[in-house]
Amino acid sequence: MRHLSYRTEQAYIGWIRRFIVFHHKRHPREMGKTEVSAFLSSLATSGHVSASTQNQALNAVRFLYREVLEMALGWLDDVVRAKRSRRLPVVLTREEVKALLAHLAGREWLMAMLLYGAGLRLLECLSLRVKDIDFTRNEILVREGKGQKDRHTMLPAAVKEPLKQHLNELRARHAEHVRRGRSAVHLPNALERKYPNAATDWSWQWVFPASDLCAHPRTGLVARFHLHESVLQRAVKAAVGKAAIGKPAGCHTLRHSFATHLLESGSDIRTIQELLGHADVRTTMVYTHVLNRGGPGVLSPADRL
C-alpha cells in the first residue's frame, strides 16, 4: 500500500520474524522498549552486525508497531540508533578502470561501462528499458531510482555504437519472441491494464533482459524480467582478480570512480550531485575527501629529507 520496494518488504518481514522468534514467539503487543533494546543489543553483541544493519532492524520494528499494529508508542523514539562509522568509498584510478574493463566483454562490458560512464547504480542499469535511452540527446533517463526519483544522466559516447548494436540484436530476438508468444515483460504498477499492448511493445523491453521467463513475486504473472544483479557482480569480481587490482572493488566502485574522476577533471559538485541522484549535496561531498587523501599537490616531508 505504501509502494515500498519489494526488497524493503522482504527485509522488514525478515527482521520482524527474527524479532518475534528472538522473544520465543511472544506477540509484539505484549512487548515494549525493553524487548526491542534487548533484540538490538543481541544483534550487535552476538551477531556482530554493522551499525547500518542494526538500524535497518530498528526501522522494521518501528514499522511493525506504527504501521501494522497502529500503536503510537513514544518509547520507540527513545530507542538509541547505532552510530554509523564514516567510511571513505573505494575508488579506482583511471588505469585500474581500464584494466578492469579489459577483462570484460559483451553485455557485461556494456553494463560496466554504463556504471562507470554514467554513474548508474547496479539495479538502475539492469532495469533500463529501451525507451529510457536517448541516442539523439545522448541521455539516459533513470526511472524510479533510489528514493523513487527520476533523473537524467549522460550517455557516454564510447558506449553508443556498441549499445546500438546490442539493441539491434535484441530487437531481432524480440521479433522471434513475439512470434512465439514469449515477448511479454513485467510492467510497473497497473500499466498492463492501462496499456494492454505495452508488455510486448519494443520500447518497454529491457535493455539487459533475462534469458528465461519468471513469475512476478507479487502478482504471480509469468513474464520476462531483467538480468539478475549477480550476473554482473560475478563478472566484475572475476575481472578485478584478473586485473590484479589490490582493492575490494565491486560494481558500486565504478559509480564512486565516476564521481571522483569528474571532480578531478574540474566538474561542478552540484552537477555531479544531479548526475548521481543524491538528495543532499553533503552525500556528494564525500568524494572531495577522497581527492584530499594524500593530496597530489602536497609534498611529503619524507621526500624533503
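The values are calculated or read from the model by the stated rules, or taken from the named source; none is laboratory data. Nothing here was measured: the structure is a model prediction, and the numbers come from that model. Glycine also receives a Cβ, built like all others from the backbone with ideal geometry; neighbour counts cover every protein chain displayed. For accessibility, only protein heavy atoms count, side chains too; no ligands or nucleic acids. Shrake-Rupley method; radii C 1.70, N 1.55, O 1.52, S 1.80 Å.
Of all residue pairs spaced 6 or more apart or on separate chains, those with beta-carbon atoms under 8 Å, a first member in the stretch 215-237 that is free of Cβ contacts under 8 Å to residues at least 60 places away in the same chain and a second member that is in a loop (DSSP other than H, G, I, E, B) and open to solvent by 60 Å² or more (accessible area, probe 1.4 Å) are 215/221; 224/182.
So, residue 284, is that one modelled with pLDDT of 85 or more, exposed (fewer than 12 other Cβ atoms within 10 Å of the Cβ) and out of contact with any strand residue (DSSP E or B) (no Cβ under 7 Å at 6 or more places or on another chain) or not?
Numbers: modelled with pLDDT of 85 or more: yes; exposed (fewer than 12 other Cβ atoms within 10 Å of the Cβ): no; out of contact with any strand residue (DSSP E or B) (no Cβ under 7 Å at 6 or more places or on another chain): yes.
Criteria not met by residue 284.
Is it true that some residue in the stretch 245-265 is open to solvent by less than 50 Å² (accessible area, probe 1.4 Å), outside any helix (DSSP H, G or I) and among the basic types (Lys, Arg)? Talk me through it step by step, then tell me what you get.
First pass over the stretch 245-265, keeping only residues open to solvent by less than 50 Å² (accessible area, probe 1.4 Å): 245, 249-251, 253-263.
Those left that are additionally outside any helix (DSSP H, G or I): 245, 249-250.
Next, from what is left, pick out any that are among the basic types (Lys, Arg): none.
So far as the stretch 245-265 goes, no, none of its residues is open to solvent by less than 50 Å² (accessible area, probe 1.4 Å), outside any helix (DSSP H, G or I) and among the basic types (Lys, Arg).
On the basis of being over 30 Å from residue 164 (Cα atoms), modelled with pLDDT of 90 or more and exposed (fewer than 13 other Cβ atoms within 10 Å of the Cβ), does residue 98 make the cut? So residue 98 fails the test. Counting only helices (runs of 4 or more DSSP H) wholly contained in the stretch 100-211, the ones carrying 2 or more residues that are over 28 Å from residue 244 (Cα atoms) occupy 157-180, 191-194.
Inside the stretch 266-281, residues that are surrounded by 13 or more Cβ atoms within 10 Å (Cβ to Cβ) and assigned to a helix (DSSP H, G or I) make up a count of 6.
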